[in-house]
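This report concerns only the one structure given below.
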Amino acid sequence: MRDRFPLLVLGGLLLAGVLGAFLVRGAQRGGFADPLSTFRAEPDGARALYLLAQESGLPVTRNMADLRLLTGHEALVLLAVEVQDSHEEDPDQTRLASDPDAGVDDEEAPHQGFNALRAQQLDDEEVERVLSHVRAGASLVYVPWGSKENALLDELGVKLDKADVTLPMRTLVPPLPTPYTLGVERVEAKVQAYLRLPEHAVTVLEDERLGFPVAAVLHVGLGRVLVVGAPELAMNPALARADNAQFWLSALEALGPGPFAFDEFHHGFTNERSLVDFARRYGLHFAVAQLLLGVVLWAGALKRFGRPLPPPESMRVGATDALFAMSRLYREGQHHGFAAGLISRGLTQQLAPLAGLPSHSPFAAVAEGLRTRGRQDLADGLLDVVRQSETVQRDADLQALATSAAHVRERIHPAGTGRPRPGTP
C-alpha cells in the first residue's frame with residue numbers, strides 16, 4: 001500500500017481537478033450552449049428572446065428533433081443554424097471578415113467545447129422539408145450567421161453582402177409601416193450581412209444611413225419567411241437597446257399564430273433517449289475517459305514502486321515456528337504419505353489453470369492438458385512428482401519430493417522454458 005501511495009495521490013488530484021472543472025462549467029449559467037441558443041444565458045445567447053416571447057404570451061417551444069418530420073403549422077425559428085455546403089461566391093467579401101474567434105464578426109458560427117462535435121448542419125433533405133413546410137402555410141424566422149450563401153437562401157432567392165466589420169453599431173429603421181415593425185421607430189444592432197432581395201420581398205428593416213436591407217419578409221407559397229442579417233439583434237443584451245425587443249414581438253405576432261419552435265437540435269440538443277443520443281448530448285466520452293483512467297491507474301497500481309519490503313519480524317518468526325511445528329507433527333506421527341499427497345495435489349491444482357482445466361481435475365487430465373498446450377516439461381515434472389509421492393516413507397524422501405515440486409514450479413512462466421538453477425546444465 002505504501003508503494004502505491006504516490007499513484008493514489010496523483011489519481012485523487014486528477015479526480016478533484018475534473019470535478020472542479022465540472023462545477024465551474026455548471027456555474028456558467030448556460031455557458032455550455034452555442035451562441036444564439038435559447039439555453040445560453042451568456043451575452044451571445046438568445047435565452048432572453050425566448051423568455052421575452054414566452055412572458056409576452058406567445059406560444060413558444062424548443063425543437064429538439066431533426067427537421068425531416070414536421071407536423072402541423074408551427075413556425076420555425078432558426079438562429080445561427082448552419083446549412084450544409086455553405087459557400088462564399090464573392091472572395092472579396094471573405095477579406096472583410098476578421099480573424100477567427102472574432103465573435104459576431106466571424107464568418108463561421110462558433111461552438112462551445114464539444115458542441116463542435118455534437119452540433120449538426122441543416123442537410124439538403126431538411127432544407128427541402130422546411131421549404132415544403134413553409135409552402136404549406138407555416139412561417140419561418142431565419143437568422144444566418146455570416147455572409148455565406150447556402151441552399152436555403154438560394155431557394156429563397158436571397159443573397160448576402162458582408163458588412164464592413166469596422167463599422168460601428170448600426171441604426172436600423174423601417175422603410176415603410178408594416179405589421180412586422182408595429183411600434184418600432186429604430187433598432188440598434190451590429191450588422192453581419194446586408195440582404196440582396198428578390199422583387200417580391202418586403203423590406204422591414206434597413207440601415208438608416210446606407211439604405212441597405214437588413215431584415216425582410218418573403219412570401220413562399222402560402223407561408224412567410226423573415227430573414228435577418230444581424231444575428232446580434234437576437235442576443236441577450238441587444239433586447240435592452242432602442243426598440244429591439246418590440247421589433248421581435250411585433251414580427252413574431254405578425255408571423256403568428258405559432259407556436260414558435262426555436263430549433264435546438266442543430267445546436268447539439270436532442271430529446272431522444274437512445275444511448276448514442278445520450279452520449280452526443282451529455283458527453284459519454286467523459287465516462288469513457290474515466291473508465292480508461294481507471295484502467296490505467298489499475299494497471300499502474302500492479303507495478304511496485306521500489307524494492308519489495310521484507311515482512312515484519314513477528315510475522316516471519318511466527319510463520320517459521322508454525323512451519324516447524326507442522327513438520328514435527330507429520331514426522332512424529334509418521335504421516336509421510338499424507339504430506340506427500342498434499343504436495344502432489346497442491347502442484348496439480350497450481351498447474352490445472354495452465355492446462356485449461358478446473359483446479360479439482362485429476363493429475364492425469366492435467367498432464368494431458370499440459371501436453372496439448374505444448375508444456376511437455378511441466379507434464380513430465382507433474383507425473384514425476386506424483387510417482388515420487390507414492391513411494392515416500394522417510395523424511396529424506398519427503399524432502400526430495402518437495403525439492404522436485406519446487407523445480408517444477410520454477411518452470412511456470414510465459415517464456416515456456418525453465419530457468420536453470422545454479423550448478424545445473
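What follows is calculated from the coordinates using simple rules that are stated; it is not laboratory data. All values derive from a computational prediction rather than experimental measurement. Cβ atoms come from the backbone with ideal geometry, glycine included; neighbour counts cover every protein chain shown.
Extending 7 Å from the Cα toward the beta-carbon at both Arg345 and Glu368 defines two label points whose distance is 2.2 nm.
With a simple spin-label model that places each label point 7 Å from the Cα along the Cα-to-Cβ direction, the separation between His200 and Val165 comes to 3.7 nm. The length gained on full extension between Glu128 and Leu13, counted as 0.36 nm times the residue separation minus their Cα-Cα distance, comes to 36.2 nm.
Here the simple spin-label model places points 7 Å from the Cα toward Cβ, and for Glu185 and Glu390 these points are separated by 11.5 nm.
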